[in-house]
Amino acid sequence: MNDTRNQSRRAVVSGVLGTLALAGCSDGSSGAAVTGGATAAPSASGPSTASSPSSPASSGPAPATSSPSATGPPAIARTPGPDITTGPIGRGELTLTFHGAGSADITQGVIDALAAADAKATIFAVGLWVARDPAQVRALRDAGHEIGNHTYDHLDMLGLDAATARDQIARGQDILASTLGDPGWWFRPSGTSHSNETIRAAAVELGYGPCVSYDVDPEDFRDPGAALVASRTLAAAQAGSIVSLHLGHPGTVTALPGILSTLAERGPLKSRPFQSSSLALFRFRQGFCGKCGAPISSPPCS
């Protein structure tokens, strides 16, 4: 894809990141890990909501309630740059993310599966879904999961002009702020696995840093069946991965317990239960180097 930035900056991020089942968000392209550049002064809450032509700005109470962290976002969340496609590999962690929209029973199944594994996830919520059934996103937030912005209507963002791209991000931001009290720190474009210059410019204008992408995509939105969702995820997942899954798909909720238990038992990653880490992506933290298998307390491998 001509607009995809496959730049190679390692994501050294220490902060907090742990449908409409429409179409999936993968375009088949790949990207490299990135690092937030020069530090930017982090704020204590999510990006400032901005009014859009079709949605008035919403101001919610502080502190943020869409994130379990009260310490504010890491600098990378406010530092413009290429998409984040992976996290650090040295801590033996990966990031579980869900594109958010779907029926309440499947959402509850995901909440239950994550709770049973002591896992946290980042949910990129579609604004129209939040507006139609705010109880679901509140339940996810109340269960300790991070909530991010996945636009309002889940359009294919690569085909949008600048004004429409900004409107989609702003309206998603506004509905999260009015529903949860804060819009969260992170934005993932809809209809594509990676952003382009138009998307990035709109996101930065509205207070976001890099867009959040992923490097593991089992294409569960195509409903290939639970067995394939699990096998594809487990074949690709490794320390530092950002896994893309979707609410609203029965095969995903069926596959999730097996994915979580297998990851927790796999090789050097076996040690600790899943828990939120400090990237504002919610990940499971295991305590072993994902590259060499040594305890994280040991000197880093070369």
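The values are calculated or read from the model by the stated rules, or taken from the named source; none is laboratory data. Keep in mind it's a predicted model, so treat the numbers as computed, not measured. Reconstructed Cβ throughout: ideal geometry from the backbone, glycine too, with neighbour counts over all protein chains shown.
If you go through segment 256-270 and keep only what is at pLDDT 95 or above and within 19 Å of TYR214 (Cα to Cα), you end up with just LEU256. Among the residues of segment 86-98, just one is over 19 Å from GLY144 (Cβ atoms) and either basic (Lys, Arg) or at pLDDT 90 or above (or both), namely ARG91. Of the listed requirements (1) among the small types (Gly, Ala, Ser); (2) assigned to a loop (DSSP other than H, G, I, E, B); (3) touching a Cys at 6+ places or on another chain (Cβ under 8 Å), ALA203 misses just one: (2).
Residues that are touching a helix residue (DSSP H, G or I) at 6+ places or on another chain (Cβ under 8 Å), crowded, with 18+ Cβ neighbours inside 10 Å, over 17 Å from THR79 (Cα atoms) and at pLDDT 95 or above do occur in segment 192-204, at least one of them.
Could we say that THR164 is under 18 Å from the mean Cα position of the chain (by Cα) and under 22 Å from SER213 (Cα atoms) here? For THR164, the condition - under 18 Å from the mean Cα position of the chain (by Cα) and under 22 Å from SER213 (Cα atoms) - is not met.
Of all the listed residues (GLY184, GLY144), the sole one being surrounded by fewer than 23 Cβ atoms within 10 Å (Cβ to Cβ), in a loop (DSSP other than H, G, I, E, B) and within 17 Å of the chain's Cα centre (by Cα) is GLY144. Within segment 115-143, residues that are within 21 Å of ASP153 (Cβ to Cβ) have Cβ atoms under 8 Å from residues that are of a type in the set (Lys, Arg) in these pairs: PHE124/ARG188; GLY127/ARG171, counting only partners at least 6 apart in sequence or on another chain. Under the condition of being touching a helix residue (DSSP H, G or I) at 6+ places or on another chain (Cβ under 6 Å) and assigned to a loop (DSSP other than H, G, I, E, B), which residue from segment 212-247 is surrounded by the most Cβ atoms within 10 Å (Cβ to Cβ)? It comes out as LEU247. For the condition within 23 Å of GLY251 (Cα to Cα) and in contact with a helix residue (DSSP H, G or I) (Cβ under 6 Å, 6 or more places away or on another chain), ILE169 does not qualify. Taken over segment 79-126, the criterion of being closer than 24 Å to GLY191 by Cα and among the small types (Gly, Ala, Ser) is satisfied by GLY81, GLY87, GLY100, ALA101, GLY102, SER103, ALA104, ALA121, ALA125.
Against the test of being surrounded by fewer than 17 Cβ atoms within 10 Å (Cβ to Cβ) and modelled with pLDDT of 70 or more, the options ALA57, ALA104, ALA119 yield a single qualifying residue, ALA104.
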